[in-house]
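Please treat every number below as a calculation from the coordinates, not as lab data. Everything numeric here is computed off the predicted structure, so don't read it as measured data. For neighbour counting, all protein chains shown are included, and Cβ atoms are generated from backbone atoms with ideal geometry for every residue, glycine included.
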Amino acid sequence: MTPLLQINDLSVDYLTDENGGYFRATDRISLTLEKGEMLAVVGESGSGKTTLALSIMGLLPENVSVKGSIIFKGNDLNSMPEEDKDTIRWKEIAIVFQNSLEVLNPVMRVGDQICEPMIKHLHLEEDEAKKRSSELFGLVDLDPVWLEAYPHQLSGGMRQRALIAMALSCQPDILILDEVTSALDAFTKAKIADLLIRLQKDFGYSMILISHDISFLSSLTNRMMVMYAGRAMERGDTDKMIDHPLHPYTRGLINSTPGIFLYRDLWGIPGEAPEGEVPGCPFYSRCTQRIQQCKTSCPDLRPVDIEREVACHLGGVVTLLSASGMNYSYRMPDGKMLDAIKDVCLDISEGEVLAIVGQTGSGKSTLAHMLAGVMGSGFGEVLFKGNRMNGERYGSHYGGIQIVFQDPVNATSSRFTVLDAVKEPLDINNLERLDERIKLVKLALSSVGLPCSDEFLNQFCGSLSGGQRQRVALARALIMKPKLLIADEITSSLDVSTSANVLRLLKGLQNSQGFAMIYITHDLMIALKVADRIAIMERGRIIEIGNSHQVMLHPHEEATRKLVEAKTNRGGLIPGG
Amino acid sequence: MGKGAIKTDIFWLQNHWRNQWHQRYWKHIIESIRRTFASFTMAGRISLIGLLLIIFVAIFAPFVTMHEPSAISGSSLVPPGPEHILGTDELGMDIWSQICYGARMSLVIGLAVSLISGVGGGILGLLGGYMGGNWDKLLLRAIDITMALPSFPLLIVIAAFLNPNIVNVILVLVFLSWARPARIVRSSALSMKKQQYIISARLNGAGSSYIIRRHIMPEVLPILFVSILNIASYAIVAESGLAFLGLGDPTSKSWGMMLHYATSFRSIYFTPYWQWWLIPPLVALIFLLLCLAFVGRDMERVIDPKLRMGGRS
């Protein structure tokens, strides 16, 4: 069965001047839309979503050059003459623009504007068109009395419904909805979503929903395409993509979306989309796992799974550290062995925050120390960046593993000056020139929000406050540009306010520098604030691991449930809200 | 002087140790000594000056005396006067001269024993504490045995059997006093190697030599220094004690020997001789020991807050 709409390698260039300068808005986009399907196109502003919609509608401005084909019911819309396009536009493919006053003619009554395409395309009589308009208004839950109103008299939600009614007027096969809910409040948004689902169910419309709002799309669509700088970055099943994004950009988008992770703070993707043409992957400058190849050649969408494609040289988010068969036991005073860690397996992806939550004595710190190499080797298999770790010190070079410990008093030597404490890893490994080291120290200190004056650099760590010392310890870890930072209860011995500051700082650094983080804590609430995934530990085992909101809302294990309840009852927070 | 000032002084002091290892910042060293001195009590300051005075007298003994200590420079048992500042003993030897040269003996014994057992014991303790394992167990047993020995009786027995020359005395004293610094350094190294900043340094690729040099030594040295001062006192007392009992080198000039000869003089207390023969070596010995004790106490006080910090888990 041929799809209803098929787009092959669609590239749209906006010509910016006579000399052939152009701006590529979409780059070799391909997609298919089956009958009755709802497809989501997601991306930040400027990613080419609207251009894609406009090119399907044939509404692109004059100064563009279009390559590729848009095949609708066997005809290529691209090569079609303008008159033929007119017969398809509105009748076969209709678009609902983002709600704004500009879309509707302010001096015409809404009813007249809805009648207009019907009269034009379906050649209906005016009375008949009027009658249909009231029907359409009924369909989109608007009182037909509003047909007589002017656009400015309607509320945003009503206007959006009117626009949908207008798009539906000619009973098109395909409905393109461009950012239809972006400016609407949550309640209206939910109403519109219900409306769209009903319309799709009752009339079997095929829809392309374009939005940057993943949580809105997730409730409506079954397939999703993520666009960035005109390129398709990832494509696949909506739920699976949200649950387990493969492309770093998709993950970043999901992290920036409120309503997916209910408890977590929002963090956008740092950096800006590239200006103009780049030879390599457009996401290169913002990616946490870039390699040399990404700078020079652009990856194409490649299938990684059934119905899942990702445009990444590394095949999506890479597993940074993978530990399996981790075991560790302590000898008790009576000679018995106590299993501190029992058969723990765990993966950390590049740029991901994993929180390990558990009560005191659950073995979480021991696990962190094992992963960092404190215990030496021989307690399990740890692969870091695909290489087996044999108790080597992965913190002795850039891009390795760094750990920050719990006790700020102990984290740095009291005898060391701030400068010496932060510089120490560089000194030990003889990295950089001496003056370069001091520069790096200042950089690291300012990144953790500490002064980098000479006076402060020469202060002894012993004279600093707990929060300051913990930041110094952080700066010390960051100076080695770690790929993985293990934070072992770093805020638990600080007061509430300092701990909140350090925590936000840490998460901010993680977000901007893009390292992966294992955050060890006994506090589920803190874990929910920062983590992408949560692992619950009890008696040396990981009893549950998953996306943080799922662990919170739908705990599988009794122990997890208790942990969640203990938190929510005390904190006055109602779970599942 | 507030608590904060003392705290800063500790860091100054320790910074001083650290920098010494980098052969830099002499200015800082002088400054740290000045600050350490400034935090001393009055007794400590007087003691330090007294100690320096004794050292000065010992070194420049030929210049501050008019007679050879072993030369019969006058008639016997002359009371103090212009010719003999502190009079003479029964053989007619100058007592002031004997005191000055005797200081050499006490100081050499004190210095040698304390340095050898302090540094040697310190190294043993460092290795034991840092390396751990069987070596540590062995060391711990050896320390226990040494500490359990009744030191002075044993000292008398050994000294009686060995030829009583200065080297033997030093060796015996070292044998009996190395355990304390070894134990102090061992426990300190043991607790330090579990410190998070040392674990961090190790994860950052630091080797043992770096960690010992940069982290453990500066921490341990001030504590070891106090221990060395105490050993010096102990060695001086022990040497004087042995000499007093007649187990010292009979030809050597030491305060202990002076006391021995003076007290061996029959019915010295019925004569006025004890006033210039017995009192000066006694006063000199007590003065030296007091000086060491006060300096040691003040040093300990300066380092103490740090000790408490180290003791916190």
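See the values below:
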item: Hits among lysines - C-alpha to C-alpha of A:K130 under 16 Å, sequence gap 8 or more where chains match; result: A:K120
item: Residue range of chain B that is longest and free of GluC sites (Glu not before Pro) which are both DSSP loop and sparsely packed (at most 15 other C-beta within 10 Å); result: B:91-313
item: Subset of A:K442/A:K481; A:K439/B:K194; A:K131/A:K191; B:K137/B:K193; A:K385/A:K481 violating a 19 Å alpha-carbon distance limit; result: A:K439/B:K194; A:K131/A:K191
item: Relative exposure of B:W276, B:W178, judged by other C-beta atoms within 10 Å (fewest first); result: B:W276, B:W178
item: Euclidean distance between Cα centres, segment A:69-124 to segment B:246-277, Å; result: 125
item: Cα gyration tensor shape for segment A:320-571, rounded if a/c is under 1.5, else prolate or oblate; result: prolate
item: Two-decimal Rg to Rh for segment A:452-554 - Kirkwood Rh, Cα set; result: 1.02
item: Helix-only [θ]222 nm of the protein assembly as shown, DSSP H runs n ≥ 4, -39500 (n - 2.57) each, per residue, nearest 500; result: -15000 deg cm²/dmol
item: All aspartates and glutamates inside 12 Å of A:K85 as judged from Cα atoms, apart from same-chain residues fewer than 8 positions distant; result: A:D76
item: Span-rule helices in chain A, defined as complete DSSP H runs reaching 24 Å or more along the axis (Cα) with Kyte mean at least 0.0; result: A:186-203
item: Percentage relative contact order, chain B, counting C-alpha pairs under 8 Å, at least six apart; result: 24
item: Stretch gain in nm, segment A:T319-A:E557, where the contour uses 0.36 nm per residue and the Cα spacing is subtracted; result: 83.1 nm
item: Förster-model FRET efficiency, 56 Å R0, B:Y269 and A:S493, C-beta, rounded to 0.05; result: 0.25
item: Förster radius 41 Å - calculated FRET efficiency between A:I197 and A:M525 (Cβ-Cβ, nearest 0.05); result: 0.75
item: Percentage relative contact order, chain A, counting C-alpha pairs under 8 Å, at least six apart; result: 12
item: Evaluated at q = 0.09, 0.12 Å⁻¹: base-10 log I(q)/I(0), Debye formula over Cα of segment B:36-173; result: -0.48, -0.76
item: Those lysines that a straight Cα-Cα span of less than 17 Å connects to A:K562, excepting residues fewer than 8 apart in one chain; result: none
item: Proportion of all alpha-carbon pairs of the protein assembly as shown beyond 50 Å (%); result: 45
item: Helix runs (DSSP H) in chain B reaching 24 Å along axis by Cα, Kyte-Doolittle at least -0.5; result: B:42-59, B:95-131, B:217-244, B:279-311
item: Exposure proxy order (Cβ contacts within 10 Å, fewest to most) of A:L266, A:L39; result: A:L266, A:L39
item: Low-density loop cleavage sites - GluC sites (Glu not before Pro) in segment A:303-365, where at most 12 other Cβ are within 10 Å (DSSP); result: A:E307
item: Taking A:L147, B:L288 and counting other C-beta atoms within 10 Å, the order from fewest to most; result: A:L147, B:L288
item: Cα-Cα separations in segment B:62-300 greater than 27 Å, expressed as whole percent; result: 46
item: Relative contact order computed over segment A:320-571 (Cα-Cα under 8 Å; 6+ residues apart), in percent; result: 27
item: A:M332 versus A:S512: modelled label distance in nm, points set 7 Å from Cα along the beta carbon direction; result: 4.9
